[in-house]
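Notes for the one structure printed next.
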Amino acid sequence: MKPKIEDVARLAGVSRTTVSRVLNNRGYISTETRENVHKAMNELNYFPNDVARSLFNKRTNLIGLIFPTISNPFFGELTFHIENICAKLGYKVLLCNSLNRIDEEEKYLEMLMRNQVDGIIVGTHNRGILNYHQQNLNVVAIDRNLSETIPVVSSDNYAGGETATELLISKGCQHIVHINGSGELETPAKLRRKAYEDVMERYGRTPITYEILEAFDRQSQQEVMSKILDEQPEVDGIFASSDLFAAAFMAEAKKRGKDIPKQIKVVGYDGTETGQILLPELTTIQQPISLIAQTAIDILLKKIEDEVNDLPLEIRLPIKLLEGETT
């Protein structure tokens, strides 16, 4: 039989209430008593019931994550940092990969609510998903505009787009094409495109943008890259709104015998560790992923603790240019 809290109390020579107070870190407990309780727990191989503790504390210490897919290096690395930070703070993470499908997001949201998570960090595209449910949810978004009241944490997308475009122009590129996701999505990442267009117009150039509607679909990426090279034979510069898009373009360009960077210079966006390992030559705009994770958690915990006074609704964190061989 599994050991019970009464067994721990008996072995430690204390009351059941004292064991409960040790487990929940409530009230004054002497160091000796605390050590005796933990020693008894170890000897009995006793593990506290998290459900019972959550009822006592009125907290589950669960954080829900709803992201499109962690197969994307940005979301994978972001999840890694969030999980590590949460673990140090005593929180567990429930991860939901929605693939940007609104039906999946609804299912996951209901599942998180059934598990009574203390808060949710959202990185999905579907604006308004959280408004379908009249619940007092503690929510922070990452690079997504979900509603007028939900805080958003992102990199400084405008500065990133401006830096990337200015770099390509400084390298002598005359015909620069921008590649991004769907323009219909309400995301701070759209500022990358806005910065690109502003810089191009500043230099008297015509902005040309290609959208990948199914951003995480490899075939859709390849089709768009092929279309660019077919329709824009003079292209000599590419600013891709993700490193995955940049990699997909480079693969198609090399397949056609194009020399990068002599004929076409390429700048990506994200700067993940995975990207730097697999494509170290890529020039990219690096997002401060660990800082984005920490900032999102800090804001979420303030919402959980009901410290909502003067909480910022938009946080833009600094980017960094990592110049490689593709420019």
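Among the candidates 75, 80, which residue alone is open to solvent by less than 40 Å² (accessible area, probe 1.4 Å), at pLDDT 90 or above and closer than 19 Å to residue 297 by Cβ? Outline the logic, then answer.
Values: 80 fails: open to solvent by less than 40 Å² (accessible area, probe 1.4 Å).
None of the others qualify; the one that does is 75.
Scanning the range 2-30 for residues that are in a loop (DSSP other than H, G, I, E, B), modelled with pLDDT of 80 or more, open to solvent by 30 Å² or more (accessible area, probe 1.4 Å) and out of contact with any Leu (no Cβ under 8 Å at 6 or more places or on another chain) yields 4, 13, 14, 15, 28, 30.
So residue 159 clears everything in (1) open to solvent by 10 Å² or more (accessible area, probe 1.4 Å); (2) more than 24 Å from residue 272 (Cβ to Cβ); (3) more than 17 Å from the chain's Cα centre (by Cα) except one condition, right? Which one? The number of the failed condition is (2).
Is there a residue being free of Cβ contacts under 8 Å to residues at least 60 places away in the same chain, farther than 22 Å from residue 211 by Cα and in contact with a Lys or Arg (Cβ under 9 Å, 6 or more places away or on another chain) anywhere in the range 294-308? Yes. Applying the condition of being among the aromatic types (Phe, Trp, Tyr) and closer than 23 Å to residue 154 by Cα to the range 213-272 and asking which residue is modelled with the lowest pLDDT yields 216.
Which of the residues belonging to the range 131-176 are at pLDDT below 95, within 17 Å of residue 313 (Cβ to Cβ) and part of a helix (DSSP H, G or I)? Selection gives 131 alone. Remark: pairs (first residue in the range 177-192, over 15 Å from residue 239 (Cα atoms) and open to solvent by less than 30 Å² (accessible area, probe 1.4 Å); second residue among the aliphatic types (A, V, I, L, M) and in a loop (DSSP other than H, G, I, E, B); Cβ separation under 8 Å; 6+ apart in sequence or on different chains) = 182/213; 182/215.
Can you confirm whether residue 288 is in contact (Cβ under 8 Å) with a residue 12 or more places away in the chain, within 17 Å of the chain's Cα centre (by Cα) and either surrounded by 15 or more Cβ atoms within 10 Å (Cβ to Cβ) or closer than 24 Å to residue 228 by Cβ (or both)? Against the criterion (in contact (Cβ under 8 Å) with a residue 12 or more places away in the chain, within 17 Å of the chain's Cα centre (by Cα) and either surrounded by 15 or more Cβ atoms within 10 Å (Cβ to Cβ) or closer than 24 Å to residue 228 by Cβ (or both)), residue 288 qualifies.
The values are calculated or read from the model by the stated rules, or taken from the named source; none is laboratory data. None of the values given here were measured: they were computed from a predicted structure. Glycine gets a Cβ as well: all are built from the backbone with ideal geometry, and neighbour counts include every protein chain shown. Note: areas computed on protein heavy atoms with side chains; ligands, DNA, RNA excluded. Shrake-Rupley method; radii C 1.70, N 1.55, O 1.52, S 1.80 Å.
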